[in-house]
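Data block below; observations after.
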Amino acid sequence: MQVRSDPDPVSPTLRATSAWARADARLADAIDDLFLAEDARLDDRLRATVTQTLSALVAQIEADLRRHAARVLVGIGDIARAEAMLERGDVFARLARAGLLRDVDLIDELLARVRVDVMADALPTAITTPDAPSFLVRLTLVPDTIVAKAASALLAAQNRRRAANEAGGVEPSALPAEVQHRLVWRVAAALRAGDDPDTDRAIAQAALRSLAAYDEGDRPESVAMRLALAIDARAEELAPLLIETLGDRSLTLFAAVLAHALAMDHDQLRAMVVEPEGERLWLALRAVSLDRTAMAQVALSLSEADPRRDIEAFAERLDDLAAVPADEAAAALAPFALDRDFRAGVAALARSEWR
Amino acid sequence: MKAPDPMIHAAVAHATVDAEGRLVAADPAIAALNRRAGGGERAAVAVPALATVARLARRLGIVVSRGIVVADEEHDLQLWVRAQPEGDAVRLAVSGWQERRATRLPQTSRGEADFLVAGADWRWETDAALRLTFVSIDAGARHGFDALAMLGEPLTRLFVLGDDGDLPILDALARRRAFEAQPAAVRGSGTNVILSASVRHDSKGAFAGFVGAVTPAAPPVPAASPLSQGFTLGLDRALRRPLGRIIGHADSINAQADGPVVPAYADYAADIASAGRHLLGLVDDLVDMQAIERPDFAPPAERIDLTDVARRAAGILRVRASDSGVRIAAPETGAMLLAVGDFRRALQILVNLVGNAVRYAPVGSTVAVTVRPAGAFVEASVADAGKGIASADQARMFDKFARVDVSEPGGNGLGLYISRRLARAMGGDLIVASAPGEGARFTLTLPSPNPARGEDQ
C-alpha cells in the first residue's frame, strides 16, 4: 500500500494533526478487519481476483473513452487537449477515493461472477458415456438449430470470459446493462480535469459510443438463458438436465436452466447457487420437484467444488428438505421471482431498516 | 501428479457395510486394512475415511466416488472409493492401493496443469471425445483461424498431428495419456508448434479430456553461435540474483519457516524452487556454452592426475548418490595416471557424467568410475546399471538441447553437449557405449603426456 504524505508547505501542527487522523482511521479499519464475521471474510483468491477484475474493467473503459475522446478533440483541431486526454491518469484511485466503486450492484455482480468461475473450475467432470462429446458440445450437434446455435454461442461466450480471465482482463460487455451504464459515466466523470466544454463534449461522445457498442446479450449469463429457453425442458427432463450441466462444469447453464424453470432472473439463481448454506437452492430444487436422489447429486457436486459447504450437515437434513412440497417451496421463493426493479426497491428498503 | 486411475490399478477390492456401519463382508485387502486399523469382523468400519464415505453414500442415497488417504502402519495409502447404496447397506469398491508420495497431495492434477499452462504460449482443452472445449482467442488472430468457431470441433481440425512419422502423439491421444514436446502444425497457417497436454479425469477416474499447451517450435539453430558474449553475460548478470532470491524465498515457504502454510502452497513453493534451480543451471550452461563455442577457445593444457579428478568427482556426488540409494565406486587413493588437459574442465565433465549416472542408476546399484591407459590416451569411464540408451538416442544425445527422455525431471540438454565440446577442445573425446536394459558407459579420453608408453610414471 502506498502511504501518501502531505505537501511540504504546511505547518508542523497541521501535519501532526493529519498524521494522527490517518493513524486513527487506519486503526478503525484494522478493528473492522479483526472483527469481521468469518462467513463474510473473503478468501485471498477471491479478494485478489475481484480486485483485479474491477481494475481491469475500469482500465478498459478508461482506455476506450480516452482513445475516442482524443479522436473527437483531434477532429476539432485541438491537438494539445487530445494529447492530454491520452495520458493515463489515476481514474481508478479517484473513483475508489470517492467511494464510487463501492457500488452494491457492481460488487455483487463481480463477487458472484468470480465465485461461479472458481466453483465451475473446481467442479468434478462427470463422464456418462466413455469417449462421448461433452454435454455442451453434444448440444451443438443436435438437429434443432436453435438449440445448436445457442449452445455454440454459450461455448464461445464462456471461452471469451475464460480467455479474458486468464489474461488478467475482462471480456467486452462484462457487466449487466444498468451496472455497465453507471460505471461508464462514472469513469467519464473521473476523466475530467477541470471545466472545459470541448473536453466534456468529447468525453460524453466517447461514453455514448462505448455504451452503444455494449451488448448485454453477449454475456455468458444471457446466452445461457437463451439456451435454457431453447431447450425449454419438460418437468421430467429437468433433473437429468441439471445434473448433466454440473457434470459438464457449466454452472452458468445450471443456473440458467433452473432460472428458466422457475421464471426467475439468472442473477437470482446464481446468488442461490453460490450461497454456501444452499438454503434457497434446496427450495428452488424442490420447487421444480427434484427428488431426493437428484438433490443429493447436486449437493454432492457443489460440495466438491466449494470447500465452504458442509455435505454432512446437508445429509443430516436431506430427508426433511426432500419432503418439502413443491408448491410450498415455490411460494417461499415467490419474492425472488418479482420484477428486478421491484426487488431492488425491496432490498434497498430492507437494508436501510436493518441499520 | 496423476489422479489414481482405476483402470491402471486394476485391483479392485469389494466390501459391504450394513446399515449400522459394520463391515459385513470384505475382500482380503479391505479386511486386512480394517484389521490393521484396529477393526474386526462384523464390527464398525475402523478406517475413518472409509466409514465416512460409506455413511455419506447411505445418507444421500446416491453413489459417492472419491479419493481418500488412509494411514496404514508406516505408510499412507491412496485409495479410490466408490460407495453404492443398496437398500440399507452400502457396497464399496476400493481401488488405487498406491502408497502416497510424502510431499504430494492426493487426487488432483491441478498443479500439473498449472505448471503446463505457465510455460505455454497459448492453450486448448478437449472433452473425452477429443472435441475442443477451449481455445485461446488471441492465438486465432495470430495463426489465422477463428478460435470460437473451433469450439466443439475435433482437435484435428486445429492441428495437423503426427507428420514426418511422428507417431507418439497419435498413440498418446488414442490411449488418452499425457504427452509432452510433440511436434505438430497449426492447420491453416501451417506454423510448426510443440504440443503438450495433461489428462483431466472425472470423479470416477475415467478420461474426461486433455488440458493442452502450445509452444512455438524452436527455429533450427544456425551453425554459427547465435549468442553474443554480451548477451550471455547480460543474461548471467540479470538472472543470477533474482533467481537466487526466488529459490531462497520458495525454499523458506516450503520449509514453512515463517509459520504454517496450506500444504498445496508448500508444494507449489517446492516446485518453484526446483524450477528456479533448473533455470540457474541453464544460465550457468549458457554462459559456459558461449565460452566454449568461441573459435579461439583453448583450455590450458597441463599435466593432471585423472584418477585424482575421478575421485573428486565421485566425492562431490557421494551425498546425492547415497540419498538415492546408489553407491559410487571410485579409483583407490594412491593410484595415479597422468593426462594432459585442464583440471577444472576435466572435473566438470566427470561431475556431469557421474551426476547423470546417479540419476539413472537403480536403487541399490553401483556407479563405477574407473581410469585406465589406452595407447596414446588415458580413459576415465563412468558406468551405471540404469535402463540404458537406445542406439538412435546415443547419436543425438550429444546435440545441443537434446534430451533423450523429456519426461525425466532435471537436465536441460546442454550437459553432454558441453562435456563433449570440452573433451574435444582438450584433444580428447567423450563417447558412450550402451544398450537398452544394460546400463550405459560414458568414456572420457584425454591425451597421455607420454604417448610412447601411455603408462603412468
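The values are calculated or read from the model by the stated rules, or taken from the named source; none is laboratory data. Bear in mind the structure is a predicted one, so any value in this text is a computation, not a measurement. Heads up, the Cβs are rebuilt from the backbone with ideal geometry, glycines too, and the neighbour counts pull from every protein chain shown. The accessibility values were calculated without ligands, DNA or RNA, using every heavy atom of the protein model including side chains. Shrake-Rupley method; radii C 1.70, N 1.55, O 1.52, S 1.80 Å.
Averaged over peptide B:148-157, the number of partner chain Cβ atoms lying within 10 Å of each residue's Cβ comes to 4. I want to verify a result. In a Gaussian network model of chain A, Cα cutoff 10 Å, which of these has the top mean-square fluctuation: A:Gly194, A:Gly75, A:Gly89? Greatest mean-square fluctuation among the candidates belongs to A:Gly194. Once the convex hull of all Cα atoms in segment B:8-78 is built, its volume per residue stands at 89 Å³.
Would you mind getting the accessible area per residue of the protein assembly as shown, heavy atoms of the protein chains only, 1.4 Å probe, in Å²?
Counting only protein heavy atoms, the per-residue value for the protein assembly as shown is 50 Å².
What's the long-distance tail for segment A:155-234, i.e. % of Cα pairs beyond 16 Å? Summing the P(r) tail past 16 Å for segment A:155-234 gives 62 percent. The order of the peptides A:147-156, B:426-435 by mean Cβ neighbours within 10 Å, most packed first, is A:147-156, B:426-435. For the pair B:Asp296 and B:Asp429 in one chain, pulling the backbone fully straight at 0.36 nm per residue adds 46.0 nm over the alpha carbon distance.
Using only the heavy atoms of the protein chains and a 1.4 Å probe, how would B:Asp284, B:Asp393, A:Asp108 rank by accessible area, largest first?
Highest to lowest solvent-accessible surface, that is A:Asp108, B:Asp284, B:Asp393.
Most tightly packed first, judged by the mean number of other beta-carbon atoms within 10 Å of their residues, the peptides B:58-66, B:83-91 read B:58-66, B:83-91.
The local environment of A:Ala132, defined by Cβ-Cβ distances under 14 Å, has a net charge of -2 under the rule Lys, Arg +1 and Asp, Glu -1. Carbon-plus-sulfur accessible fraction, the protein assembly as shown (probe radius 1.4 Å, protein heavy atoms only): 56%. Look at the stretch A:118-128: the mean tally of other chain Cβ atoms within 10 Å of its residues' Cβ atoms is 4. Remark: relative contact order (chain A) = 18 percent; criterion is Cα-Cα distance under 8 angstrom and separation of 6 or more residues. A convex hull fitted around the alpha carbon atoms of the protein assembly as shown yields 250 Å³ per residue.
Each other residue within a Cβ distance under 11 Å of A:Leu183 adds +1 if Lys or Arg and -1 if Asp or Glu, for a net charge of -3. Interface between chains B and A: roughly 2700 Å² of accessible area buried, both sides summed (probe 1.4 Å, protein heavy atoms only). Shown is the FRET efficiency for A:Ile79 and B:His249, computed with R0 = 30 Å from the Cβ-Cβ distance and rounded to the nearest 0.05: 0.05. Springs join every pair of Cα atoms under 10 Å in this Gaussian network model of chain A, and among A:Arg317, A:Arg66, A:Arg219 the largest mean-square fluctuation is at A:Arg317.
The label-point distance for A:Ala326 and B:Asp323, in a model that sets each label 7 Å from Cα toward Cβ, rounds to 6.4 nm.
What's the local net charge at A:Leu95, with K and R +1, D and E -1, over the other residues with C-beta under 10 Å away? It would help to have the intermediate numbers written out before the result.
Values: positive: A:Arg94, A:Arg97, A:Arg102, A:Arg186; negative: A:Glu62, A:Asp90, A:Asp103.
Result for the neighbourhood of A:Leu95: +1.
With the charge dipole of segment A:176-322 set up from +1 on Lys and Arg Cβ and -1 on Asp and Glu Cβ about the Cα centre, the Cα lying farthest toward the positive end among the listed residues A:Ala230, A:Leu285, A:Leu321 is that of A:Ala230.
Computed over chain A with a Gaussian network model linking Cα atoms closer than 10 Å, the most mobile of A:Ala21, A:Ala202, A:Ala37 is A:Ala21.
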